[in-house]
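Visitor: Here you go, one structure.
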DNA sequence: TTCAAAAATGCAATCGGTTGCAAAATCGAA
DNA sequence: TTCGATTTTGCAACCGATTGCATTTTTGAA
């Protein structure tokens, strides 16, 4: 009943040296093809499985990539992770995934764990409140590749994979303006984070371009949760004058807001047009269907992990690919049309 | 610049043996308190981090738990995983997550990877088409704990964490019946899988209880996707006589179906009542709000991983907890009320 | 047949902790 | 002060694969 087979067992039975067995199993060119066949057959027969710890210990590599995300269970993040896992799996890498739950403190703890787990590389999308780069320094010092995606740390001088948030914000806003809307409320997340700051920039750019004055009171910084969507709706109807459009930086929040507004007898999009963000499946099943920005989440995951793996394999210098910006796209549906 | 510190470095500087250092760092009782303090201080000073491979190699443990799920990016699964990650993280375990993408073939490959990665334990929710236990045998043989959750392999004789799918199916169906509905269409997934087979059983039980004849044509086996929701709606309106209720085993599919039905001028819930499954956030933002079964996904993740960890720590015998059934709950909202 | 070049294989050290057992140091009672 | 009991510490052998270098075997041209 199952004591492990090692290369020594194979070597012993075949009367050859463990070194040859090791090389054969790794398809080393200096080993005779017949010998390789023999060894592989015997390994198969004995049910050999390589001991990764011995191998890692010797090679000082883990074949494991760490991923830290704010949360696992959002449509965007789980889709990004799905993309990452698919490629990593195909390329023979393992993924260790952990979530910061939007807390810098937990992010720091996770970073330490990743570090002492000796991941070969680390992919990070930072928490809402992360404002320090300190906890990533050990990776820099040991030259362990570090790539940010989606929510990045801009002053970090690390490679980053992002979408064109400014353009996305611009597209969303100018679409609303073209529909004849002028008082556009922008509901967004923590403006410390690039994703929200940039969307705001795009929003401002569009206003400027169409000579609409920017009003700071029209930008609401929230946590973009479902509950927030409800509260926003209630707060909107209590305003002296209703806005005629909303640009909300998350579909789920937007949808929750729309639902509540409808309950409060506001007609969407007639009274208030809405544009969301992410192209969450929910955007297609709500009435009216939500105009939104398509977020290429799967592609982002794939590209991020590919960059990492290419770098680890020495195929690609990370600095050369220092900032990859993916294209997002406005999906025009009913909610944004007057 | 960064060559690794080992216990030998610490031992050298302190003029003591590496064995003592190792024991001190692991808080071994035989080591003098003062010595421990000395060693810990020095370790801190030098920026020592333990080499897990050396440790794993010697201890034959990895502190890593493998998880295989059909897909990462569904509401239920990402929530289950979020629960697992949280606990694992707190307990100092790493999670290696991979997805089978509903293919037994990929599931087998992932199982092999997990096996050769030498995970300490494996948590699995099987793919749509998995019909063999073969690929899990290596785990059984080596006595590596294996726990199934949600989608389980019933003849496997392995511990399993599930919800009471039969009761859930019963609750959903009898609720519809109590609303005066009699021709209840059941849209479900692959009936090979316990989750769908059991919900069907519950559906049948409810019919029987209320003396409604069971009609096999009223059970549609699908992939429960968004597209399927649309198709189902179209197929329904083309029926000679409309059903007066739907019990759909996934909220996302249900919501997509409702949306399409509404476009086809069917009134929900007046013409057709609908009950979904999962209590996906989307169920609260659609109009009408979806009556559904709350799925305790986070709890399931937490309990599954806790069982595993307890077992690994020797606190709990797995067989003793051989089948944990979590309670699900009918969430009555608008769509199921006539 | 001979011998240098090329191909294939083996030796032995190494990666960094862990742990059974032996040895040393300390303690305490007589 | 002495000596057995108790605490602490050290020795050295692992865990299993990898790899630089040396050695052996094979190949093929002279």
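Visitor: Which residue fluctuates most in the GNM of chain B (Cα springs below 10 Å): B:45, B:221, B:154?
Guide: B:45
Visitor: Can you give the mean number of other chain Cβ atoms that lie within 10 Å of the Cβ atoms in peptide B:70-81?
Guide: Partner-chain Cβ atoms within 10 Å, mean over residues of B:70-81: 6.
Visitor: Roughly speaking, what is the centre-to-centre gap between region B:232-266 and region A:157-201 when only Cα atoms are used, to the nearest Å?
Guide: Here the two parts' Cα centres lie 36 Å apart.
Visitor: Then there's this: Using the 10 angstrom Cβ neighbour count as an exposure proxy, how do A:20, A:325, A:79, A:173 rank, fewest first?
Guide: Ordered by Cβ neighbours within 10 Å, fewest first: A:325, A:20, A:79, A:173.
Visitor: Fewest Cβ neighbours within 10 Å first, please rank B:65, A:5 accordingly.
Guide: Sorted ascending by nearby Cβ count, the order is A:5, B:65.
Visitor: Okay, next question. Distances longer than 15 Å among the Cα atoms of region A:219-311: what percent of all pairs is that?
Guide: In whole percent, the share of Cα-Cα pairs in region A:219-311 beyond 15 Å is 61.
Visitor: Given a Förster distance of 25 angstrom, what is the FRET efficiency for residue B:35 paired with residue B:58, based on the Cβ-Cβ distance and rounded to 0.05?
Guide: The calculated FRET efficiency here is 0.70.
Visitor: So, one more: Taking springs between alpha-carbon atoms closer than 10 angstrom, which of A:78, A:238, A:17 fluctuates most in the Gaussian network model of chain A?
Guide: A:17
Visitor: Oh, and also: If you count, for every residue in A:238-245, the Cβ atoms of partner chains within 10 Å of its Cβ, what is the mean?
Guide: 0
Visitor: Once the Cα atoms of helix A:33-46 and of chain A are each reduced to a long axis, what angle between those two axes, in degrees from 0 to 90 to the nearest 10, is obtained?
Guide: For A:33-46 against chain A, the angle is about 80 degrees.
Visitor: Across peptide A:50-58, how many C-beta atoms of other chains are within 10 Å of each residue C-beta, on average?
Guide: 6
Visitor: Among B:35, B:291, B:64, which one moves the most in a GNM of chain B with springs linking Cα atoms closer than 10 Å?
Guide: The residue that fluctuates most here is B:35.
Visitor: So for chain B, considering every pair of alpha-carbon atoms, how many percent are separated by more than 25 Å?
Guide: 59
Visitor: Let me ask another. So, R0 is 41 Å and r is the distance between the beta-carbons of residue A:50 and residue A:223; what FRET efficiency does that work out to, to 0.05?
Guide: E(calc), rounded to 0.05, equals 0.35.
Visitor: Quick check on chain A: of the DSSP beta bridges with both residues there, what percent are antiparallel, nearest 5%?
Guide: 10
Visitor: So, in nm, how far is label residue A:178 from label residue B:103 when the simple model puts each one 7 Å beyond its Cα toward the Cβ?
Guide: 4.0
Visitor: Note the angle between two axes, namely the Cα long axis of helix A:194-209 and the longest principal axis of the Cα atoms of chain A, as a number of degrees from 0 to 90, rounded to the nearest 10.
Guide: Long axis of A:194-209 versus the principal axis of chain A: about 40 degrees.
Visitor: Here's something else I'd like to know. Which FRET efficiency value, to the nearest 0.05, is calculated for residue B:310 and residue B:215 with the Förster distance at 41 angstrom and r the Cβ-Cβ distance?
Guide: 0.35
Visitor: To test your reading of the geometry: what angle, between 0 and 90 degrees and rounded to tens, separates the Cα axis of helix B:297-312 from the longest principal axis of chain B?
Guide: Between the helix axis and the principal axis of chain B, the angle is about 40 degrees.
Visitor: Here's something else I'd like to know. If you count the DSSP beta bridges with both ends in the protein assembly as shown, what percent of them are antiparallel, to the nearest 5?
Guide: Taking every DSSP beta bridge within the protein assembly as shown, about 10 percent pair in antiparallel fashion.
Visitor: Further question: Sort B:292, B:241, B:111 so the one with the fewest other Cβ atoms within 10 Å of its own Cβ comes first.
Guide: B:241, B:111, B:292
Bear in mind these aren't lab numbers, they're just calculated from the coordinates by the rules spelled out. Model, not experiment: these values are computed from the prediction. Note that we place each Cβ from the backbone using ideal geometry, even for glycine, and neighbour counts take in every protein chain shown.
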